[in-house]
Each structure stands twice: as structure tokens, then as C-alpha cells.
Amino acid sequence: MSTLTIRRAKPEDAAVSGKICYEAFHNINTEHGFPPDLPSLEPAVGVLTTMFGHPGFYCVVAEDGGRIVGSNCMDERSPIAGIGPITIDPGAQNRGIGRKLMQAVLDRARERNAPGVRLVQAAFHGRSLSLYTVLGFDAREPLSVMQGPAIKKKMEGWAVRPATAADLDACNRVCVQVHGHDRGGDLADSIAQGTAAVVERHGRITAYCSSLAFFGHAVAESNPDLQALIAAAEGFGGPGILVPTRNAELFRWCLANGLRVVEPMTLMTLGLYNEPAGAYLASILY
């Protein structure tokens, strides 16, 4: 690995990196009997094209002899940084590339004085769990990726509507109340894209989601507030929503309304972490 170098990713790297991303997730998931997180090559390339070209993401690639063999991304849009996806060419794994890619983004987080860094790890993947733990991450929350038919129920007393830019401050207050920090950068992008929604109860916002999808997150003052969001959704994007398994009331409600567990995951954190004081759904980044 003497020829291995880590450099900043460029948009034109997305095609090669996306192919590696798709193959890596396909191999590890199917090896353990789970469906791939990315169903085909096209969405994998699309995700990395977006991240590599977005000023709010810090993305790097690993090159061995001038050939790209892996990539990693870090979401810097909000105070807490979120890592992922990190993927290595299946033919180049177990050679220390993942550690170097992780170290590159952690060095960046330290340079920017990020109060915390988080990621979501596939619970069946023992190698990544071990690597992240050695790098200083703590396992905080078991998550269940859940998917199923849209519930399409309206809960009396809870009004769900699309989020607007004028809602950003109120949504950030909910997030700070629950987590101790906001995810305003992520949410602002989602509002602009038209995927975000809010819940209003007693004339004020009590919950929001950037989207009800694998890459989306949601925060709510209570489980009923979050259930109103989920019940109103037209569907759940990608593999599904990431439900904290310890929230037995919410988890049981999802099961009773037709959602099923796709795969188990683990939220891991480095630095600032507060036990949530409310209900939430994680995104695949955190």
C-alpha cells in the first residue's frame, strides 16, 4: 500500500466511486442475507454525484497507483458532522484503506472543531463495528430499518403539511430541545427540495422530517407527534426509515401499522452526545 494516497473527491470521480459503493454494499449485505442498501448502480452513482459536488460535504477518495479504490464522505451542513457512505473496492478490502479514509475525515472534523461526529453502522458488519470503536466511536442506539406500505392515516388533532423556509427556526428549536443541537443545514436543503414536512399541534410546530426515507431524519417532541408524520407519508424512500429500537412504543406502533424490519443498524457517536429528550428517526448519516 505504499502507493496509496487520499485526496479530495471531485465530481468526475463519482462514476467510479459509485460503482465501488454499489458493489461493496451489495456484497456485504447479500453475504449476510440482507437486501442491498442501494438496489442498483444508478442510485449509488447519483448519491455520490450529489455529495461530491455539494459544498456542505467533505468527500475523499483513496487511490492506489492512481486507481480509485474507495471513498468516504462527511456531512458538514450542521454542527454535528455525519460520516458516510464509506466504501472500499471489494478486491482491495482488509488492507487498511478504510482506516485511512476514516482518519482523513476525522482529521477534517478536528480542524473544523466539530463538537461531535456520528455515523450509522450495519449491525451485522463486525469489521466496521470494530474499526469505528477503535477510532473512538461509542455505540449509542440500536436502529431498525423499517419499510412497508404507506399508512395514510390522519391523526385527529395533528396537522401535517409541507415545510417552508419560514418554519426553519421553529424546526431547529424542536431539534435542539430533543438532541441539544440542530440539523438546520440538512433541513434547509430538504425544504428547498420539497421533501420536508412539519406537524402542528395547538398552533405550533411539534415535529418535522427532512424526508421519511433512508437519508432523511425526523425529530418530534413526543411519539404521537412523530407517528402523525409517519402516518401521513405517501411512502418511505430507499430501504426505509431508521427507527430507534429502544423506543418500544414507536417500534411496536410501526409494526402494528404494517411496517417490517429490513435490517438492524447501530448509531455510533464521537464527541458531543446527549440522550434524546423526545422522539426521533435517524438518517443513514446519523
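The values are calculated or read from the model by the stated rules, or taken from the named source; none is laboratory data. Note that this is a predicted model, so its numbers are computed, not measured. Because the Cβ atoms are built from the backbone with ideal geometry, glycine has one as well, and the counts that use them run over all protein chains shown.
When S40, S128 are checked against the criterion of being within 27 Å of T3 (Cβ to Cβ) and not basic (K, R), S128 stands alone in meeting it. Within the option set G116, G96, being at pLDDT below 95 and under 20 Å from C59 (Cα atoms) holds for one residue only, G96. Residues that are under 25 Å from P85 (Cα atoms): find the strands (runs of 3 or more DSSP E) completely inside the range 166-233 holding 2 or more of those. Because the criterion is at least 2 residues that are under 25 Å from P85 (Cα atoms), the strands (runs of 3 or more DSSP E) in the range 166-233 that meet it are 204-209, 218-220. Just so you know, in the range 168-203 the residues that are of a type in the set (V, I, T) and out of contact with any Lys or Arg (no Cβ under 9 Å at 6 or more places or on another chain) include one that is surrounded by the fewest Cβ atoms within 10 Å (Cβ to Cβ), and it is V176. In the set R77, R99, only one residue is of a type in the set (K, R), closer than 19 Å to S211 by Cβ and in contact (Cβ under 8 Å) with a residue 24 or more places away in the chain; that residue is R77.
For the range 238-279, what are the residues that are of a type outside the set (A, V, I, L, M, F, W, C), more than 21 Å from M74 (Cα to Cα) and either at pLDDT below 95 or not in a loop (DSSP other than H, G, I, E, B) (or both)? Hits for the range 238-279 are P244, E249, R252, R260, E263, P264. Among the residues making up the range 25-42, those that are surrounded by fewer than 22 Cβ atoms within 10 Å (Cβ to Cβ) and either in a loop (DSSP other than H, G, I, E, B) or touching a residue at least 24 places away in the same chain (Cβ under 8 Å) (or both) are F25, N27, I28, N29, H32, G33, F34, P35, P36, P39, S40.
For the range 198-211, indicate whether the set of residues that are within 26 Å of T266 (Cβ to Cβ), β-branched (V, I, T) and at pLDDT 95 or above is non-empty. Let's see the steps before the verdict.
The first filter runs over the range 198-211 and keeps only residues within 26 Å of T266 (Cβ to Cβ), leaving 207-211.
In the following step, the residues that additionally are β-branched (V, I, T) were identified as none.
Checked against the condition, which is being within 26 Å of T266 (Cβ to Cβ), β-branched (V, I, T) and at pLDDT 95 or above, the range 198-211 yields no hits at all.
Scan the range 143-165 for residues that are assigned to a loop (DSSP other than H, G, I, E, B) and either in contact (Cβ under 8 Å) with a residue 60 or more places away in the chain or outside the structural domain of A218 (by TED's automatic domain parsing) (or both) and the total you get is 9.
Of all the residues that make up the range 61-111, how many are out of contact with any Cys (no Cβ under 8 Å at 6 or more places or on another chain) and in a strand (DSSP E or B)? Quick ask: steps written out before the conclusion?
First, pick out the residues of the range 61-111 that are out of contact with any Cys (no Cβ under 8 Å at 6 or more places or on another chain): 61-70, 75-82, 88-104, 106-111.
Going one step further and asking which of them are in a strand (DSSP E or B), we end up with 61-64, 67-70, 75, 80-82, 88.
So the count comes out to 13.
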